[in-house]
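The structure under discussion appears below in the form of structure tokens.
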Amino acid sequence: MLFVSQGCNLNKYIPAGKYIVEDVRIKGAPRDEREELYSLLKQSTNKKVFGILKLDMWNYLLTDTKKRRQRWADKSVKYNKELVAKQAELAKTDTSDKKARAKIDARITKIEERIKRFDYREEDLLKTEWEKPVLLDSSLLKNSMIQLKSYMFSKGYFFDTVTYKVKTIGKKAYISFSMYLGQVFYIHKIDYHIFDKRIADIVSNDSADRLIKTGQNYDGDNINAERNRLTLLLRENGYYNFRRDYIYCDLDSSNRSNTVDVAIGIANPTARTRHRFYKIGNIYVEPEYIKNDTAIKDTVLYKGLYFISRDLRIRPSILDDYIFFNSGDIYKARDYQSTINRLSQLGSYKFVDIQYQVDTVARPDTGILNVFIK
């Protein structure tokens, strides 16, 4: 009954003007979003055992006392003095007396471990046994409110309102967030604004795999997933340098009630009218690569692959089946990982490294990627 009785005397442990967060609730949230919303809160209650007792918090309050801290400090001073003495004793001990020196060394190691334990006592206990009391922080409450509102906006609640109230009883604070969501918006129309014709054709021909469609509830996570999908799609179609940052999304909710028009755009690179796409150039394979090796090596051409080696221990015909690059092919991001995985399955190498060398000389809109497999 120790912790129950101590719970009535929080004034002894909590500073004046401070309150322990006793309970946090979110009202008006959609049932399927509650778990995610609670994870966004910047403050939550201390962990409870059986939903009642905050044992870890009380361990902190009852153990972290001035008297105990002073005892830890005194122990640290004591062992530091002993360490200095033992180090001095070791310095005076004859170097030829290995047995005596080993005994002193062992003692020094134990003392250093004790010093470390007392110097980091609080930090270690916080990781294992303690939990500092969660004290009410109005700035964190405001941040939580902003996070909740932002999340619900991403789920299509464009005109939501989120408020919070704090009720205090004694040294305990009870927090309630209230959500007034209104209607969720759904997608009325989707337009694609792509100025690079080749990219526009790739995106248009892949429309069946789009993750956002008219009639769906607007969801920011789906928009982000579509941006990721388009990025991978283009990197599988020759666009080696394409980044997700080129893809943007604009929203227009002014047309009709609770609908939104979505515009997906793909910007051109700075100072260019189109993105550069790449083809695979020469492919160089070093089956026995050694870092900083300057030895002269032979080059053997086999089915479009240049094998560089002093002594080919693995036949090119074997490695050829494990390499997914072909000279003249359009660059595909998947070929990199597929080749890494297949060559690693051979079990003959500690590592497999693939690097690209970019060649854009006199090539305004295209580029060549020479591949080096080591």
Using Stokes-Einstein with the Kirkwood hydrodynamic radius over Cα pairs, what translational diffusion coefficient do you get for the chain at 4 °C and a viscosity of 1.567 mPa s, in µm²/s rounded to a whole number? 46
Quick one: accessible surface of Ile323, probe radius 1.4 Å, all protein chains present, in square angstrom to the nearest 10. 20
Over the chain, what is the percentage of antiparallel beta bridges among all DSSP beta bridges, to the nearest 5? 55
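Want the number for Ile290 to Leu135: 0.36 nm per residue separation, take away the alpha-carbon distance, what's left?
Numbers: separation 155, 0.36 × 155 = 55.80 nm, distance 5.78 nm.
Taking Ile290 through Leu135 to full extension adds about 50.0 nm, to one decimal.
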Compute the length gained on full extension between Thr366 and Arg117: take 0.36 nm times their separation in residues and subtract their Cα-Cα distance, giving the result in nm to one decimal. 83.5 nm
Given R₀ = 22 Å, what would the calculated FRET efficiency be for Asp206 paired with Lys279, taking r from the Cβ atoms and rounding to 0.05? 0.60
Give the aspartates and glutamates whose C-alpha is closer than 14 Å to that of Lys172, dropping any in the same chain fewer than 8 places away, or say none. Glu22, Asp23, Asp137
What nm distance separates the two modelled labels at Ala263 and Thr95, each placed 7 Å from Cα along Cα→Cβ? 8.0
Report the label-to-label distance for Thr168 and Lys78 in nanometres (one decimal), using points 7 Å from each Cα along the Cα→Cβ vector. 4.2
Based on the inverse mean of 1/r over its pairs of different Cα atoms, what is the Kirkwood hydrodynamic radius of segment 240-289, in Å? 15.1
About the Cα centre of segment 214-257, what is the dipole size in debye to 20, counting +1 per Lys and Arg Cβ and -1 per Asp and Glu Cβ, all else neutral? 140
Could you run the Karplus curve 6.51 cos²θ - 1.76 cosθ + 1.60 with θ = phi - 60° over segment 369-374 and give me ³J(HN,Hα) per residue in whole Hz, x for Gly and Pro? 10, 7, 10, 10, 9, 10
Yeah, segment 83-226 with a ≥ b ≥ c from its alpha-carbon gyration tensor (a/c under 1.5 is rounded, else prolate when a/b outruns b/c, oblate otherwise) is oblate
Tell me, rounded to the nearest percent, the portion of alpha carbon pairs in segment 214-354 spaced more than 23 Å apart. 55
Show me the helices of the chain, taken as full DSSP H stretches, that run 18 Å or more along their long axis by Cα and average -0.5 or above in Kyte-Doolittle hydropathy. 138-154
Diffing segment 263-269: the Karplus 3J(HN,Hα) column from phi (6.51, -1.76, 1.60, θ = phi - 60°), in whole Hz with x for Gly and Pro, holds 10, 9, x, 10, 7, 7, x
Tally Lys/Arg at +1 and Asp/Glu at -1 over every other residue whose Cβ is under 10 Å from the Cβ of Pro269; what's the total? +3
Net charge of neighbours whose Cβ lies under 13 Å from the Cβ of Lys279, counting Lys and Arg as +1 and Asp and Glu as -1: -1
Heavy atoms only, probe 1.4 angstrom, no DNA, RNA or ligands counted: give me Phe118, Phe307 ranked by accessible area, highest first. Phe118, Phe307
To make sure I understand the rule: partners must be lysines, Cα under 21 Å from the Cα of Lys116, and not fewer than 8 residues away in the same chain. Which ones qualify? Lys66, Lys67, Lys75, Lys78, Lys81, Lys86, Lys103, Lys127
Prolate/oblate/rounded label for segment 276-353 (Cα gyration tensor, a/c 1.5): prolate
Amide H contacts under 5 Å for Gly281, restricted to residues at least 5 apart in sequence or on another chain and with H modeled in the peptide plane, are Gly328, Leu369, Asn370, Val371
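The values are calculated or read from the model by the stated rules, or taken from the named source; none is laboratory data. No experiment lies behind these values; they were computed from the predicted model shown. All Cβ positions, even for glycine, are placed from backbone atoms using ideal geometry, and neighbour counts span all protein chains on display. We work out accessible area using only protein heavy atoms, side chains counted, and drop any ligands, DNA or RNA first. Shrake-Rupley method; radii C 1.70, N 1.55, O 1.52, S 1.80 Å.
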